[in-house]
1. Per residue of region 121-133, in order, report the coupling 6.51 cos²θ - 1.76 cosθ + 1.60 (Karplus, θ = phi - 60°) as ³J(HN,Hα) in whole Hz, putting x for Gly and Pro.
2. When Rg is the radius of gyration of the Cα atoms in region 172-228 and Rh is its Kirkwood radius, what does Rg/Rh come to?
3. Based solely on C-alpha atoms, express the radius of gyration and the Dmax of region 44-98 in angstrom.
4. Can you give the log10 of the normalised intensity I(q)/I(0) at q = 0.09, 0.13, 0.14 Å⁻¹, computed with Debye over equal Cα scatterers of region 38-163?
5. Can you list which of the trypsin sites (Lys or Arg not before Pro) found in region 64-144 are DSSP loop residues with at most 16 other C-beta atoms within 10 Å?
6. What's the percent breakdown of Cα-Cα distances in the chain across 10 Å bins, shortest bin first?
7. Across 10 Å bins from the origin, how do the percents of Cα pairs in region 1-110 run, short distances first?
8. Using 0.36 nm per residue, how much length does the chain from GLU158 to LEU172 gain when fully extended, once their Cα-Cα distance is taken away?
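The values are calculated or read from the model by the stated rules, or taken from the named source; none is laboratory data. None of these values were measured; they are calculated from a predicted model. A quick note on method: Cβ atoms are made from the backbone with ideal geometry, for glycine too, and the neighbour counts reach across all protein chains shown. Ligands, DNA and RNA are excluded from the accessible area calculation, which covers all protein heavy atoms including side chains. Shrake-Rupley method; radii C 1.70, N 1.55, O 1.52, S 1.80 Å.
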Amino acid sequence: MTFIDLGHICLFCVTQGPVHAPVLLLVHGWGGDGRTWSRHAEELSRDHRVLVPDLRGHGRSDVPRRGNTPAAMAADLAALVDRLGAGPVTAVGHSMGGQVVNLLAVHHSRTVRSVVVLDPAHGAHGPELDEIPRRLADYQAHGAEAAADFVAGAFGPEAPAGLRTAQIRTMLGTPGHVIAQSYAGMYTDPGAVGIRPHSEAYLSRRPCPALTVWTSAEAAQWERGTLRVPGSRVDHWTGTGHYLHEEHPDRTIALIRAWTASDIGKAS
């Protein structure tokens with residue numbers, strides 16, 4: 001499968017691996033595309049069916065003029081999984097993609113077996129919260145060029161050569177209105193869940209086991225206090241930037257594989 005017509009939108013999605021194997025849905029972040037998961041998908045498809053979509057407004061998928069929000073993206077993915085007859089899935093998401101897979105679990109629970117969430121776009125508070133209005137205005141005015149500044153500073157000192165440039169290039173290729181709408185959908189729109197009190201409310205509704213990895217010790221400790229489903233856990237990875245799955249691909253692959261092999265990860 002490549003371009004999949006869901007009726008209301010057409011998504012680009014690559015599938016790899018045995019048809020009857022456990023299913024992984026790998027979801028990229030804000031201003032990215034499915035190529036961020038290339039190494040992981042190649043390795044994990046040895047013993048999983050792996051679905052790697054480009055979210056609406058991103059990559060090779062359709063670019064609506066309006067509605068490029070995490071909630072709409074989660075609804076798209078629910079329709080995609082149904083269209084492919086692939087559910088329930090283990091949904092893995094990075095950054096905004098982490099918010100998307102959690103929303104998928106909350107609002108489309110039959111689609112999701114468990115979630116793995118990497119440095120998610122939720123729990124904003126303190127100085128980050130104070131910066132949201134200014135950042136949104138910047139993204140509305142300057143689109144991907146403003147967002148590229150965030151990407152440039154989001155890597156650890158040991159990030160592989162070329163990774164920063166690749167992610168900046170992908171961000172710059174994302175339409176400006178998508179950048180602004182996605183950011184607003186994460187943090188400021190009615191129903192947005194990115195600000196900490198709203199994050200706590202939606203995480204309390206997550207019905208499935210969850211493994212979350214944070215690069216912030218404070219955020220990891222905070223999210224541990226939100227866990228409700230037995231077997232869920234929060235890890236803290238030190239010495240890495242925001243794109244931890246690409247800075248540490250082998251560690252991420254091992255993490256996902258161990259989770260899906262565990263009784264917790266297999267729970268439905």
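1. 3J(HN,Hα) across region 121-133, in whole Hz: 8, 8, x, 5, 7, x, x, 4, 4, 5, 7, 4, x.
2. On the way: Rg = 13.8 Å, Rh = 13.1 Å.
A ratio of 1.06.
3. That works out to 12.0, 38 Å for Rg and Dmax.
4. Log10 I(q)/I(0), no solvent term: -0.31, -0.66, -0.77.
5. Working: sites: ARG65, ARG66, ARG83, ARG110, ARG113, ARG134, ARG135; in loops: ARG65, ARG66.
Sparse-neighbourhood loop trypsin sites (Lys or Arg not before Pro): ARG65, ARG66.
6. With a bin width of 10 Å, the distribution comes to 7, 33, 40, 18, 1.
7. So the P(r) values, bin by bin, are 16, 54, 29, 2.
8. Working: separation 14, 0.36 × 14 = 5.04 nm, distance 2.33 nm.
Full extension from GLU158 to LEU172 adds 2.7 nm.
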